[in-house]
Every structure is written in structure tokens, then in C-alpha cells.
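One structure below.
The values are calculated or read from the model by the stated rules, or taken from the named source; none is laboratory data. In this text, all values refer to a predicted model and were calculated from it rather than measured experimentally. Methodologically, a virtual Cβ is constructed for each residue, glycine included, from the backbone with ideal geometry; neighbour enumeration extends over all protein chains shown.
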Amino acid sequence: MMKKRTRYDLLIHFILLSALIVVILPMVYMISTSLKPNGALYEYPPRFLPSIREVTLENYRYILGQGKFYINFCNSIFVSVAAVLITAFVASALGYVMARFEFRGKRFLFAFIVLTMIIPGLTLIIPQYELAVKLRTINSLEGLIPFYVAWTIPYSTFMIKGFVENVPRELDEATYMDGGSVFTVFVRVIMPLAKPGIASVSIFNFLTYWEEFPWANTVINDNMKRTLPIAISGFFGQHQFTQWGYVFALSAFSLIPILLVFIFCQRFFVAGLTSGSVKG
């Protein structure tokens, strides 16, 4: 029995280690390439890691020396944070209503929200562009936010509704007895207790906004209003060839906000995943 258990544990650890290697290798290659001179990338035979003599920070110096990099970085921060905050509030309110109140058409509305989650975003890019033209949000950094929010509202509402349902209704009734309103229950009871769920959903939303490329590239033409993914794509094909050193150096910098979000919000993320898995 012990031998079977040991073999099983070894198999599980081997699978987990293999998966970890597959996940980490692209990141290691990105960082190693960013530390190579641009010409070293095309050497034969290729090497996964640079030698000590080849390691250079020239790619990072070039990126940091570009003033537009900071502008593109701040543009992505502004759009992502604003969209996360708006989505968190709106989805929390919708999730609260769907979880606590009964009204005509509730099941149809919830089914419609779920159905919108399975529609590929790129299939809607033409009608969205026509809507953006009518709303005069073309080439507007603020114009990205409403569309980002609209994309993630269905998923966020669906997830937060499940967390709100785990909050005891007795807390709502106690607040009503103390003279509180529906809004008081939402702000003082639901949002604090559903904070882990809201935080975990917001982390996924931030990743979606931060790395979004097709829509931003479609509607933003001004270099000073472009987000970071568009700035990275600008190095592809530049000067007749792709400068992979610059691409990976800028990509490495783009990971910093994502890592910070996971580091500081890890406890909310883990708590959100575990609390949402148990009913009652």
C-alpha cells in the first residue's frame, strides 16, 4: 500500500513539475533574450541562455530612454484601474440585485447575462466600432473604458452573484430593522463580506484590460494615447526586422504591475476562490 502511495505521489509531483517548467520556460526565455544584444538572437546554433560576457542592459536602457514608454505605461494603468473600479461597483450591484431580489424577468435576464459570456469578442468588433464612431470615442483613451467594462460585466456579475448568495440574509434583515435602506445593506454588508470575491474577479479583469490589444489598436491612432500592448507591437517589423531585444525588455517591464497585483492581492484572491467553492 505504501509503495502504491509513493508511486502515486511521485507521479503527481512529476506532472506538477512538468507543468511548472512549461509555464516558466517562456518567461525565462523572454528575460534571457532581453539581456542579449539584438544581433545575438540570430546566432547559430541558438542558445537558450546568454553567456556571462553577452549579458547587457542595453535593451532596457533604450526602453527607459524612450519618453513615450512612460506615457504608454501610464495610459495602460489609467484605463485598467478605471475599468476595474467601475466594473467592480456595477457588477457588485447587479450581483446583489440578482441574488437578493425577485422580479419579473429575472431568470431571463440572468440567462441573457450568461449567454453573452460565450460570444467571442472579436465577432463584435465591427458593431462596436460603429458604436464608437457614433459616441465619438474614436482615438480617445477614455473611450476604451466603457467597452472594457461592458465586456467583463457579464462574467463579473455571474461570479459576484455566487459570493453574495453565501452572505446570510439575516444580516440584511438586521440592517433593515436598524433603519437601514437597500443601499445601506449593499454598502455596509454585502460589499465588505463579498470583498474576497470582488477582489478575485477584479484581478482577472485587470489582466484582461492590461493585455488587451485588438480593440485598442483598432480605435487608438495617436501614439501618445496608445496603451502598452500597442507600444510593444510597434517594434515588430521596425527597421526591416523585429527587434526582439526591445520587445522582450518592454514585455518584462509590463509584467511588473501584474506581479504587484498578485503579490498584494494574493490573500483576497485565495480567499475568493475558496469561499466561492462552498455553499452555505
* To do: Could you tell me whether region 203-214 includes any residue that is at pLDDT 90 or above, under 30 Å from Phe101 (Cβ atoms) and among the polar types (S, T, N, Q)?
  => yes
* To do: Might you let me know whether region 195-211 holds any residue that is over 15 Å from Phe89 (Cα atoms) and of a type in the set (Lys, Arg)?
  => no
* Asked: Of Ile203, Ile190, which residue is within 30 Å of Ser251 (Cβ to Cβ) and in contact with a helix residue (DSSP H, G or I) (Cβ under 9 Å, 6 or more places away or on another chain)?
  -> Ile203
* Structure fact -> Given (1) surrounded by 19 or more Cβ atoms within 10 Å (Cβ to Cβ); (2) under 17 Å from the mean Cα position of the chain (by Cα), Pro146 misses just (1)
* Single residue of Gly276, Gly245 found to be surrounded by 17 or more Cβ atoms within 10 Å (Cβ to Cβ), at pLDDT 75 or above and of a type outside the set (A, V, I, L, M, F, W, C) -> Gly245
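Answer yes or no: is there a residue in region 26-48 that is farther than 22 Å from Gly234 by Cα, at pLDDT 90 or above and within 25 Å of the chain's Cα centre (by Cα).
In the first step, residues of region 26-48 are kept if they are farther than 22 Å from Gly234 by Cα; the result is 28, 43-48.
Of the ones still in play, those that are also at pLDDT 90 or above are none.
Within region 26-48 (the criterion being farther than 22 Å from Gly234 by Cα, at pLDDT 90 or above and within 25 Å of the chain's Cα centre (by Cα)), the answer is no, since none of the residues qualifies.
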* Structure fact -> Ile125: passes all of (1) farther than 21 Å from Ala111 by Cα; (2) within 20 Å of the chain's Cα centre (by Cα); (3) buried (at least 19 other Cβ atoms within 10 Å of the Cβ); (4) aliphatic (A, V, I, L, M) but (3)
* Taking only pairs six or more apart or across chains, which ones have beta-carbon atoms under 8 Å, a first residue in region 69-82 that is over 9 Å from Thr227 (Cβ atoms) and assigned to a helix (DSSP H, G or I), and a second residue that is among the β-branched types (Val, Ile, Thr) and modelled with pLDDT of 90 or more? -> Ala82/Ile145
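Residue under question is Asp222, and the condition is that it be more than 16 Å from the chain's Cα centre (by Cα), closer than 30 Å to Ile138 by Cα, acidic (Asp, Glu) and exposed (fewer than 14 other Cβ atoms within 10 Å of the Cβ); does it hold? Lay out the reasoning, then the answer.
Working: more than 16 Å from the chain's Cα centre (by Cα): yes; closer than 30 Å to Ile138 by Cα: yes; acidic (Asp, Glu): yes; exposed (fewer than 14 other Cβ atoms within 10 Å of the Cβ): yes.
When the stated conditions are applied, Asp222 passes them.
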* Would you confirm whether any residue within region 118-129 is closer than 21 Å to Asn223 by Cβ, in contact (Cβ under 8 Å) with a residue 60 or more places away in the chain and not in a loop (DSSP other than H, G, I, E, B)? => yes
